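*Asks:* Just passing along the structure, written as structure tokens.
Every number here is computed from the coordinates shown, using simple stated rules; none is lab data. Everything numeric here is computed off the predicted structure, so don't read it as measured data. Every residue, glycine among them, receives a Cβ derived from its backbone with ideal geometry; neighbour counts consider all protein chains shown.
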Amino acid sequence: MQSQTHPALALGVDVGATKILVGTVDRGGRVHRSERYAMDRNSTEAALASLRGAIAGFLADGGTDGIVGVGFGLPGLTDSATGTWVNCTNVPIPSPVPLAAEMMERYGLRAYLDNDVHAATTAEIAFGVGRSARHFIYLNVGTGIAAGVVADGRLIRGALNYAGEAGHMMVEPLGVLCTCGQRGCLEATSSGGGIIAQAKETALADPTSSLYEAATSGRLTSTLVFAAADAGDAVASGVATRALFGLCYGITSLANLLNPEIIVVGGGVFADGWLLPRLQKFVGTYALRNVRRSLRGIVPSELLVDQVGLLGAASLAWEHES
Ligand SMILES: [Zn+2]
């Protein structure tokens, strides 16, 4: 099957709420070619047409020559055993889609799929921190919060392939209402979406806050909130402190529960560098002594932020085809 002139490649398909990134990745984690396509979320038919069109469009150049398998990183619930995208809320997938069977029928390629945070964690196992640690936690704090737990070199997938919903760990009694319907979830106060929502609500009630103008014009970001907190703004300080402490409690609890060697963090909320040193200090002080002894660090992911989804998708194929 393997071409003599080209290296063996996995086809990765990173599906997001607004875009689809398709690319070829070699066994060492090098992206050979990638293309970005739009995701049309107006209907189930439109979303699936976007996905099928993206793959067909990418393969129009060079076909399947040298491709050993396909990996899909998907939002929502996936069934890795049957290769099915089960359902999703932010892309209109109300009923199961048998993607692996479809790829075999259309292209004669074996396909593997998982949710996006499991895929990113598989990329860390194959190409990132997992090369130096067998027990680690991958934590992504972006618009939402999710985690991948790796024990003895293996991703913990859970009974329904749904393990890792760290954003819905409850960290505050009677806390902020979360998108899941419960109160006090980590995601409600400490995700990018949660920080912006909290800052908007409190800044709009206080015109003296330096965040007031950004709140009225919809330009709030977590970076703006952290910078205003450092400058002494009381509203920003309250929101940033609450976000920080949620993560401090959540991550310390995860570390105490799982005894990782490394905690690797990714996602846009870590990008400006405000959270990480504060988290490191808290966990380094308050985690159990033996947990601290074996924790080598809380470190940013070494994988490129705009590639991790694609690497994750491709690594699902490499997990089986290598
Ligand atoms: Zn929740």
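*Asks:* For the peptides 188-200, 10-22, 306-318, what is the packing order when you average, over each peptide's residues, the other Cβ atoms within 10 Å and list the highest mean first?
*Replies:* 306-318, 188-200, 10-22
*Asks:* Separate question: Determine the shape class of the chain: with a ≥ b ≥ c the square roots of the Cα gyration tensor eigenvalues, call it rounded for a/c under 1.5, and otherwise prolate if a/b is greater than b/c, oblate otherwise.
*Replies:* It comes out prolate by the Cα gyration axes.
*Asks:* Now, a different point. From the residues V86, G108, T122, which one has its Cα farthest along the dipole of the range 78-124 in the positive direction, the dipole being from +1 and -1 charges on Cβ of Lys/Arg and Asp/Glu about the Cα centre?
*Replies:* Selected residue: G108.
*Asks:* Between Rg and the Kirkwood Rh of the range 117-157, both from Cα atoms, what is the Rg to Rh ratio?
*Replies:* The Rg/Rh ratio comes out at 0.95.
*Asks:* How would you classify the range 237-322 from its alpha-carbon gyration tensor, with a ≥ b ≥ c the square roots of the eigenvalues: rounded for a/c under 1.5, else prolate if a/b is greater than b/c, otherwise oblate?
*Replies:* Oblate, because a/c is 1.5 or more while a/b does not exceed b/c.
*Asks:* At 30 Å minimum axial length over the Cα atoms and a Kyte-Doolittle cut of -1.0, report the qualifying DSSP H helices in the chain, or say none.
*Replies:* Span-like helices in the chain: 234-258.
*Asks:* Still on this structure: Just to be sure I understand the model, the point goes 7 Å from the Cα along the line to the Cβ. What's the resulting E35 to E105 distance in nm?
*Replies:* About 2.3 nm separates the two model spin labels.
*Asks:* Set the Förster distance to 35 Å, then compute FRET efficiency between D152 and L304 from the Cβ-Cβ distance, nearest 0.05.
*Replies:* 0.80
*Asks:* Debye sum, Cα scatterers, the range 76-159, no solvent: what log₁₀ I/I(0) at q = 0.16, 0.21, 0.22 1/Å?
*Replies:* Here log10 of I(q) over I(0) equals -0.72, -1.03, -1.07.
*Asks:* Using 0.36 nm times the number of residues separating A56 and A231, minus their current alpha carbon distance, what extension gain do you get?
*Replies:* Using 0.36 nm per residue and subtracting the Cα-Cα distance, I get 57.9 nm.
*Asks:* Report the convex hull volume per residue for the range 58-205, counting only C-alpha atoms, in Å³.
*Replies:* In the range 58-205, the Cα convex hull volume per residue is 166 Å³.
*Asks:* Right, here's the next one. Using just the helices of the chain, give the 222 nm mean residue ellipticity in deg cm²/dmol: DSSP H runs with n ≥ 4 each add -39,500 (n - 2.57), and the total is spread over all residues, rounded to 500.
*Replies:* Only helices count here, giving -12000 deg cm²/dmol.
*Asks:* Could you tell me the relative contact order of the chain? Use alpha-carbon pairs under 8 Å, at least six residues apart, and round to a whole percent.
*Replies:* Relative contact order, the chain: 20 percent.
*Asks:* For the residue pair L257 and T216, what label-to-label distance in nm results when each label sits 7 Å from Cα along the Cα-to-beta-carbon direction?
*Replies:* Rounded to a tenth, the inter-label distance reads 4.3 nm.
*Asks:* Also, I was wondering about something else. With +1 on the Cβ of every Lys and Arg and -1 on the Cβ of every Asp and Glu, and nothing else charged, how large is the dipole of the chain about its Cα centre, in debye rounded to the nearest 20?
*Replies:* That gives the chain a dipole magnitude of about 780 debye.
*Asks:* Enumerate the residues in the range 83-125 having an amide nitrogen under 18 Å from the point lying 7 Å beyond the Cα of N42 toward its Cβ.
*Replies:* 91-93
*Asks:* Moving on to the next point. Rank N42, N161, N115 by mean-square fluctuation in a GNM of the chain with C-alpha springs under 10 angstrom and give only the top-ranked residue.
*Replies:* Top of the fluctuation ranking is N42.
*Asks:* Just need the Rg to Rh number for the range 85-126, please, alpha carbons only, Kirkwood Rh.
*Replies:* 1.05
*Asks:* Between A49 and C180, take the C-beta separation as r, use R0 = 25 Å, and let me know the FRET efficiency to the nearest 0.05.
*Replies:* Once the sixth-power term is evaluated, E becomes 0.25.
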